[in-house]
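The values are calculated or read from the model by the stated rules, or taken from the named source; none is laboratory data. Bear in mind the structure is a predicted one, so any value in this text is a computation, not a measurement. As a convention, Cβ positions derive from the backbone with ideal geometry for all residues, glycine included, and neighbour counts pool all protein chains shown.
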Amino acid sequence: MPYRDAADGTRLFHIDVGDGPPVLLVHAWSLSSAMWEYQMRSLVAAGFRCVAPDRRGHGRSDVASTGYDLDTLAGDLAGLVEDLDLRDLTVVAHSMGTCEVARWLGRSGTGRAARAVFLGAMTPHLAGSVGEAFVEAMVADLAADRPRWFHDSAPAYFATGGAGSWVSRALVDDGIRAILATPLEVQIACLRAFTTTDLTEDLRAIRIPVRVLHGDADASAPIDLTGRPTATLLPHAAFRLVEGAPHGLYVTARSVVDAEILASARGTTCVRPAATPS
């Protein structure tokens, strides 16, 4: 199994499959590298190498007592990329993953990363829009009964009443099981980190092309608070609205997501939209 030690000694796991130009896949809050199984299959078949880490405290990585701030998490990504000597890299991130990637790319990562794809971005500053009291109410709900919280949130996450009506109960249950494998205290620390950190200046500093894909049925990261302002702040962004797609668009809009990732990995140029995304 591929493991490496972070700067503080935390043992971190990553998947490394395929041959060819590298694609780094950074997973969502409370999930793991396993969420990318469909995208990895598509990318490997197209001749790419997929590297998908498990964030500290998630999946097969160690549950560290500290290090869930975005600076440390960005450092974990940078260390993996440097250890594997990944260059001309395509970076794909979903949800919380876009926050740690923004911190990394905005400060030091564009020497090795050549392009990126943001799916269901949680940038630039969610707590700045909804208020920290809203975040702390989520923390209280998780601490009270997190199985129920995730169970109740799953239909909206997959838009099972709309674009994701085809998603099976088994797939939903599998996602909930994966999420509940992440310890509560890790979930809370990460939630506070990615919602309360203002990444405005990090996004402005990213000088590589970034595709921003966001669904207009995203209940977890409302598009007007996240996807649209993210695309506006990025100097070289291409914004795509995925109609009817929820936060779990990597499942429900898989064909669109896979096509956009492949196009980015093949080096299609992204250009800042002429107007604010609408």
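Here the condition is being outside any helix (DSSP H, G or I) and at negative phi; of 195, 182, it holds for 182 alone. Scanning segment 5-17 for residues that are under 25 Å from residue 47 (Cβ atoms), touching a residue at least 40 places away in the same chain (Cβ under 8 Å) and in contact with an Asp or Glu (Cβ under 9 Å, 6 or more places away or on another chain) yields 13, 14. When 259, 219 are checked against the criterion of being small (Gly, Ala, Ser), closer than 24 Å to residue 55 by Cα and surrounded by fewer than 21 Cβ atoms within 10 Å (Cβ to Cβ), a single residue qualifies: 219. Do we have residue 117 as among the β-branched types (Val, Ile, Thr), part of a strand (DSSP E or B) and surrounded by 24 or more Cβ atoms within 10 Å (Cβ to Cβ) here? When the stated conditions are applied, residue 117 passes them. In the condition set (1) hydrophobic (A, V, I, L, M, F, W, C); (2) farther than 17 Å from residue 237 by Cβ; (3) touching a residue at least 12 places away in the same chain (Cβ under 8 Å), residue 149 is compliant with all but (3).
Of all the numbered requirements in (1) farther than 24 Å from residue 92 by Cβ; (2) surrounded by 15 or more Cβ atoms within 10 Å (Cβ to Cβ); (3) in contact with a Gly (Cβ under 9 Å, 6 or more places away or on another chain), residue 130 misses one, and that requirement is (3). Being more than 16 Å from the chain's Cα centre (by Cα) and at pLDDT 95 or above is the requirement here; does residue 138 meet it? Here the answer is yes, as residue 138 does meet what is asked. The residues in segment 38-71 that are among the hydroxyl-bearing types (Ser, Thr, Tyr), in a helix (DSSP H, G or I) and within 16 Å of the chain's Cα centre (by Cα) can be counted, and the count is 1. Scanning segment 157-175 for residues that are surrounded by fewer than 18 Cβ atoms within 10 Å (Cβ to Cβ) and part of a helix (DSSP H, G or I) yields 169, 170, 171, 173, 174. Tell me, please, whether a residue that is more than 17 Å from residue 265 (Cβ to Cβ), under 14 Å from the mean Cα position of the chain (by Cα) and either part of a loop (DSSP other than H, G, I, E, B) or without any contact (Cβ under 8 Å) to a residue 24 or more places away in the chain (or both) can be found in segment 80-97. Looking through segment 80-97, at least one residue is more than 17 Å from residue 265 (Cβ to Cβ), under 14 Å from the mean Cα position of the chain (by Cα) and either part of a loop (DSSP other than H, G, I, E, B) or without any contact (Cβ under 8 Å) to a residue 24 or more places away in the chain (or both). Note on segment 1-24: residues that are of a type in the set (A, V, I, L, M, F, W, C), assigned to a loop (DSSP other than H, G, I, E, B) and over 26 Å from residue 66 (Cβ atoms) total 0.
Of everything listed in (1) within 24 Å of residue 250 (Cβ to Cβ); (2) without any contact (Cβ under 8 Å) to a residue 40 or more places away in the chain; (3) surrounded by fewer than 21 Cβ atoms within 10 Å (Cβ to Cβ), the single unmet condition for residue 50 is (3). Residues considered: 228, 211, 204, 192. Of these, the only one that is within 22 Å of residue 90 (Cβ to Cβ), crowded, with 18+ Cβ neighbours inside 10 Å and among the basic types (Lys, Arg) is 211. Across segment 42-97, the number of residues qualifying as β-branched (Val, Ile, Thr) and either closer than 13 Å to residue 190 by Cβ or in contact with a Leu (Cβ under 6 Å, 6 or more places away or on another chain) (or both) comes to 6.
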